[in-house]
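*Asks:* Have a look at this one before I ask anything.
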Amino acid sequence: MAMPSLGRKRRIWLYLPPDYQSSHRRYPVIYVQDGQNLFDRATSYAGEWQVDETLNRLAAAGDTGAIVVGIDNGGENRTAEYHSRLPWSGQPGQADAYLSFLIDTLKPLIDRRFRTKKDPAHTIIMGASSGATLALYAGMMRPDVFGRIGAFSTPLWLEPRLDQLAREKKPYRRGARVFLVSGRDEQVGDEPKGIFAKDQPAMVEALVAVGYRPDRDVRSRIVADGTHSEGFWAREFEGAYRFLTAK
């Protein structure tokens, strides 16, 4: 579909709960970045999250389900779209234009065509790595839209610091929740071991300082064997989903 705010087009994936056609219920919606990695190993570039398998299994056990909207990343534009300031160069990124696409184009379409729960407490945004930067940024900048956030392996050391943004924007609203997870020794490229876990406590501290309640509204996991990989994020997806969709 067209992305008017960016002048590009993008493939969108949609997962509907198994009982969608036979029920009249409305469902929470989860917007997830790097859509090509969520459902199908054949389209992924680094493995898949197994989102559909996980949610189908939970539905069979009685879970009421959610709609998942996967947004493919933009390839060479991925880093720019997921960051408000480009890593290392410090030049402006395109995160605000990408958020405009999500908020002004994609979400209205999804809400129009499907039986969704439209309020922030039932609108979840997730991502991993740079996609997690975008998810947290979205929740800090537009808590009136995205009330619940799942951030997997967020590079929290990059500028602008998201913990500082939380203190500045004070995004907490009733019903808001944040799930954070990283590997204890997780690294990427030449970055030192543990760099993803290092600043996660500071992010939690900032969220608590602006109104999120520990454990109730914020769940922070640092996992001993967590790696920077789709396999790790697939393993953590169920816990994030359960926390972010709970009442």
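*Asks:* For the chain, give the share of DSSP beta bridges that are antiparallel, in percent and rounded to the nearest 5; count only bridges with both residues there.
*Replies:* If we restrict to bridges inside the chain, about 20 percent are antiparallel.
*Asks:* Work out Dmax and Rg for region 94-142 from the C-alpha atoms and quote the Rg first, both in angstrom.
*Replies:* Rg and Dmax of region 94-142, Cα atoms, are 11.2, 30 Å.
*Asks:* Which of the trypsin sites (Lys or Arg not before Pro) found in region 33-100 are in a DSSP loop and have at most 12 neighbouring Cβ atoms, other than their own, within 10 Å?
*Replies:* Arg41
*Asks:* Let me ask another. Given C-alpha coordinates of region 198-247, what is the ratio Rg to Rh with the Kirkwood estimate of Rh?
*Replies:* 1.00
*Asks:* Report relative contact order for the chain in percent, whole number only (criteria: Cα-Cα under 8 Å, sequence separation at least 6).
*Replies:* 18 percent
*Asks:* Could the peptides 205-212, 130-137 be put in order, highest first, of the mean number of other beta-carbon atoms found within 10 Å of their residues?
*Replies:* Result, highest mean Cβ count within 10 Å first: 130-137, 205-212.
*Asks:* Hey, what's the Kirkwood Rh for region 54-141 if you take every pair of different alpha carbons, in angstrom?
*Replies:* After inverting the mean inverse Cα-Cα distance, the result is 14.5 Å.
*Asks:* Could I ask something else about it? Just the accessible area per residue of the chain, please: how many Å² with a 1.4 Å probe?
*Replies:* Dividing the accessible area of the chain by its residue count gives 44 Å².
*Asks:* With a cut-off of 16 Å, note down the residues of region 219-247 whose backbone N falls inside the zone around a label point 7 Å from the Cα of Lys169 toward its beta carbon.
*Replies:* none
*Asks:* Now a separate question. If I compute solvent accessible area with a 1.4 Å probe over the protein chains, what percent of it on the chain is carbon and sulfur?
*Replies:* 48 percent
*Asks:* May I pose another question? List every residue whose amide H lies under 5 Å from the amide H of Val223, counting only residues 5 or more places away in sequence or on a different chain, with H placed 1.01 Å from N in the peptide plane.
*Replies:* Ser182, Gly183, Arg184
*Asks:* Per 10 Å bin, what is the whole-percent P(r) computed from every C-alpha pair distance within the chain?
*Replies:* Spelled out per bin, shortest first, that is 8, 34, 40, 17, 2, 0.
*Asks:* Show me the ranking of peptides 159-165, 87-93 by mean Cβ neighbours inside 10 Å, starting with the highest.
*Replies:* In decreasing order of mean packing, 159-165, 87-93 become 159-165, 87-93.
*Asks:* I've got another one for you. Amide H neighbours of Leu38 under 5 Å, counting only residues 5+ apart in sequence or on other chains, H built in-plane at 1.01 Å?
*Replies:* Result for Leu38 returns Trp49.
*Asks:* Further question: In whole Å, what are the extents of region 1-131 along the principal axes defined by its C-alpha atoms, from largest to smallest?
*Replies:* Principal-axis extents of the Cα atoms in region 1-131, largest first: 49, 31, 24 Å.
*Asks:* Mind putting a number on the dipole of region 206-247 about its Cα centre? Charges go on the C-beta only, +1 for Lys and Arg and -1 for Asp and Glu, and I need it in Debye to the nearest 20.
*Replies:* It comes to approximately 260 debye.
*Asks:* No solvent, one uniform scatterer per C-alpha: report log10 I(q)/I(0) for region 108-175 via the Debye equation at q = 0.13, 0.18, 0.26 1/Å, two decimals.
*Replies:* -0.38, -0.67, -1.12
*Asks:* Could you quote the convex hull projected area for region 10-80, Cα atoms only and averaged over all directions, in nm²?
*Replies:* Result: 5.4 nm².
*Asks:* Could you work out the percent of alpha carbon pairs in region 151-247 separated by over 17 Å, rounded to a whole number?
*Replies:* 51 percent
*Asks:* For region 97-228, what is the convex hull (Cα atoms) projected area averaged across all directions, in square nanometres?
*Replies:* One quarter of the hull surface, i.e. the mean projection, equals 8.2 nm².
*Asks:* Under a point spin-label approximation (7 Å from Cα along Cα-to-Cβ), what is the Lys117-Glu238 distance to one decimal in nm?
*Replies:* My value for the distance between the label points is 2.2 nm.
*Asks:* In whole Hz, with x marking every Gly and Pro, tabulate ³J(HN,Hα) for region 124-129 from phi via Karplus 6.51 cos²θ - 1.76 cosθ + 1.60, θ = phi - 60°.
*Replies:* 10, 10, 10, x, 10, 6
*Asks:* For region 29-98, with only Lys/Arg (+1) and Asp/Glu (-1) charged at the beta-carbon, what is the dipole magnitude about the Cα centre, in debye rounded to 20?
*Replies:* Computed charge dipole of region 29-98: roughly 160 debye.
The values are calculated or read from the model by the stated rules, or taken from the named source; none is laboratory data. In this text the structure is predicted, and so the values were computed from the model without any measurement. Neighbour counts are summed over all protein chains in view; Cβ atoms, including those assigned to glycine, are modelled from backbone coordinates with ideal geometry. Just so you know, the surface numbers come from the protein's heavy atoms only, side chains and all, with ligands and any DNA or RNA stripped out. Shrake-Rupley method; radii C 1.70, N 1.55, O 1.52, S 1.80 Å.
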